[in-house]
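**Q** Below you will find the structure I want to go over with you.
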Amino acid sequence: MNFTRVNPCKWRGITCNNESRVTEINLAYTGLNGTLQHLDFSSFPYLLRLDLKVNNLVGTIPTNIGVLSKLQFLDLSTNYLNGTLPLSLANLTKVYELDVSRNNITGNLDPRLFPDGTGSNNTGLVSLQNFLLQSTLLGGRIPNAIGNLKYLVLLALDDNNFFGTIPPSLGNLSDLAVLRLSSNQLSGGIPMNFGNLSKLTDLRLLMNQLSGSVPEELGNISSLTVLHLAENNFTGQLPPQVCKGGNLVNFSATSNDFSGPIPISLKDCRSLYRVRLEHNRLTGSLDQDFGVYPNLTYIDMSYNRLGGELSPNWGGSQNLILLKIAGNMIGGKIPDEIGSLDQLVELDLSSNQLSGEIPTTLATLSRLSFLSLGDNKLSGLVPEGIGRLSNLWSLDLSSNMLTGPIPEEIGDCFNLQQLFLSSNLLNGTIPYQFGNLINLQESLDLSYNSLSGEIPSQLGQLISLQSLNLSHNNLTGPIPTSFSNMVSLLVVNFSYNNLEGSLPDGKIFRSAPADAFRNNQDLCGEIQGLRFCNVSSRESGGGNKNSKLVILLTASLASVLLLSFICIGVFVYCRHQNSPEVPKENDTSRSVNPFSIWHFDGKFLYQDILEATKNFDDMYCIGEGGSGKVYKAEIPGGQVVAVKKLWSSEIIEKDKSFVNEVETLTEIRHRNIVKLHGFCSQSRHTFLVYELMERGSLAKILSSDREAKELDWNKRLRVVNGVAHALCYLHHDCVPPIIHRDISSKNVLLSSEFEACVSDFGTARFLKPDSSNWTAVAGTYGYVAPGKIT
């Protein structure tokens, strides 16, 4: 019999040389599962490259990996590998790139692995038995033996579980260009001999527990382009010649305890692209220590001790997207040249000593989404042009000396989510146009001003607002009844005004503390400390004759109207009895709203839902959110559904696009998206009908110790996979794509079998292809993706 030998050279990801020897294995991004324990590395004696990054590999790195003595490239990054770095890695003396980042690996080689303590290869390796003994005592350290891999160009150990000190032997890697040790638990200082790494371009030490001073010798490395020292415990001064070679691009030292001056070499470092120095104790003069940076996109120097003034030269950094210098001692005026930074998205100059007027040129920053000038000494009027900043989602001008009325044009900033104008000298009335700011979610604070007049009823349209502070003004009249629609309110303050009348109906106006309404003219309500509105201030003296006359006339008029309605009713009934009966379905004289009742596949009718919930009685309520309550309803026939009754139908009536989106969502069919059966909008009730998810929200389950224990890790993994499949479907399989914008544990529902379904598309938007898709920030706070990148 003839046997044909299997030729692996034709397999996917396998490369062979002319002698059919396997030289490369490249299976990156292929979704590999399992472990490496059964891979026979001895079968690949000529292997030069092993690339298994971004897969699902688990377990430890096998000890026999050291037999790959010819290996030059090893990348096992972004997997789920754990355990320790094997002793045999020290045999890979020809490797020039070693990347095991983004795993759960703990180094275990003793720094004394080599008797001379330097990591040199003069005396060879200690015995395996001795190593195991030492690793048991000293586990978790970066192997000192790595310093023996003299050809290393890239060493990436970031995002693992290494602790202990950085071995000085790494300073012997004369060819090293990239060293990434970030996101571990390393302590101690930076080895002094790191200044000898003359070819180093990228050094990342951020997010550890490193301490001490940074060696000045790092300034001798003229090739450095990336230096990350952020989120450690460093003290002392930054290396003054950190940009000696003029090549530094990305520099971060945030959240340490650095003091002293800004490195002198930064002033002429025109290569800078991104700088983060915030949360230190750095000193210096802003207008003398910084220059013009044509490539700079991001700089944050907030919360230091910088002085000086904001130089007009900043207008020359035309690519700036973010400029933050909050929490310093910057004085002088805001230069008009800041208005020329047309790429600027975030500008934060708060908590300084800036004076003068707010430049009108800021109104030209059309991309601006975050503007914070609070806690300064700014004066003059609020520029009307701010209303043209259509992308603005946060505006803070609080704690200044601004005067005059609030520009009504701010009501055109439709994407605003938070607005702070408190603690100024503003006067006039509250612009009714603020009612157009329907995206206001976090806060509207106009307190500590001299505002007068009545509170505009249009503010009641801000149904997503969580905090409203109008205290310490001169406002008069009642709190508008429209405020009962503001169902998201968690905090209110109307104190120290001249308000009167009854409080609106609404949960917040029954649960807020009395201090929120104190020092007004005559407010009444159910709040303890206020008088009840049904208690008359004239309980004695026989009453007022005019009041009695009004009551008498009103009662008489009501009686006449009632008698008229009865007569009309009798007439209509008699005529109906004498007229031929016409089937309802043939009645074409009646106008039909196609969206008033959707047919729900012929099963779910408006009256059935009202009867099933006893007209939305709280005994059937199974949940409550910012937009309404959810009820459990058993429809005749035995089918059980979830009915989400919305607080208000005004938005739906005004916004036809919402109706179109709901109509489209009824066509979505995916096992991990809650099925929307239909939508009903009547004059009395507006609700959505969904399939019922028996176990409720993920948030509810995780908040219960008993239910959380039942949701073991396998079930949790299923939940994560389910949500991922749902988002993949929405983003890639729907035309146009749908962006949910509020994926939180409250909006992930679980079936009886712990199958996850994404729900609540109240903030969802359709993504228009081939166009710019800018939206306001939406969603649950705490689940919104962070805007900062380290």
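Derivation of every value follows stated rules applied to the coordinates shown; laboratory data play no part. These numbers come from a predicted model, not from an experiment. Virtual Cβ from ideal backbone geometry, glycine too; neighbours counted across all protein chains shown.
**Q** Tell me, what is the percent relative contact order of the stretch 351-490, built from C-alpha pairs under 8 Å that lie six or more residues apart?
**A** 17 percent
**Q** How would you rank GLU442, GLU357, GLU231, going from fewest to most other Cβ atoms within 10 Å of each one's own Cβ?
**A** Taking fewest neighbouring Cβ atoms as first place, the list is GLU357, GLU442, GLU231.
**Q** Hey, another quick one. Skipping prolines and chain starts, which residues have an amide H placed within reach, meaning under 5 Å, of the one on GLU357, given they are 5 or more residues away or on another chain?
**A** Placed amide hydrogens put SER379 under 5 Å from GLU357.
**Q** Further question: Which of the peptides 69-75, 525-531, 15-21 is most tightly packed, and how do the rest follow, judged by the mean count of other Cβ atoms within 10 Å per residue?
**A** By packing density, highest mean first, the sequence is 69-75, 525-531, 15-21.
**Q** Could you run the Karplus curve 6.51 cos²θ - 1.76 cosθ + 1.60 with θ = phi - 60° over the stretch 18-35 and give me ³J(HN,Hα) per residue in whole Hz, x for Gly and Pro?
**A** Listing the rounded values in order: 5, 8, 6, 8, 5, 10, 9, 10, 10, 10, 5, 6, 10, x, 4, 10, x, 10 Hz.
**Q** How large is ³J(HN,Hα) for each residue in the stretch 352-365, as worked out from phi by the Karplus curve 6.51 cos²θ - 1.76 cosθ + 1.60 (θ = phi - 60°), to whole Hz, x for Gly and Pro?
**A** 10, 10, 5, 10, x, 8, 6, x, 5, 5, 4, 5, 8, 7
**Q** Determine ³J(HN,Hα), in whole Hz, for all residues of the stretch 311-316 in sequence, where each value follows from phi through the Karplus function 6.51 cos²θ - 1.76 cosθ + 1.60 and θ = phi - 60°; x replaces Gly and Pro.
**A** 5, x, 4, 4, x, x
**Q** Moving to a separate point now. Near the amide H of ILE622, under 5 Å away, which other amide H atoms are found, from residues 5 or more places off or on another chain, if H is placed in the peptide plane?
**A** Amide H neighbours of ILE622, under 5 Å, 5+ apart: VAL630, TYR631, LYS632.
**Q** Right, another one. For a quick protection proxy, order the peptides 740-753, 53-66, 22-35 by their average other-Cβ count within 10 Å, most packed first.
**A** Highest mean packing first, the order is 740-753, 53-66, 22-35.
**Q** Here's something else I'd like to know. Could you list ARG276, ARG281, ARG141 in order of exposure, starting from the residue whose Cβ has the fewest other Cβ atoms within 10 Å?
**A** By the 10 Å Cβ count, ascending: ARG281, ARG141, ARG276.
**Q** List the residues whose amide H sits under 5 Å from the amide H of LEU306, counting only those 5 or more places along or on another chain, with H placed 1.01 Å from N in the peptide plane.
**A** MET329
**Q** Continuing with this model, one more query. Let me spell out the model: positive unit charges on the Cβ of Lys and Arg, negative unit charges on the Cβ of Asp and Glu, origin at the Cα centre of the stretch 327-410. What dipole size does that give, in debye rounded to 20?
**A** 100 debye
**Q** Within 10 Å of each residue's Cβ, count the other Cβ atoms and sort LYS700, LYS614 from fewest upward.
**A** Least crowded to most crowded, the residues run LYS614, LYS700.
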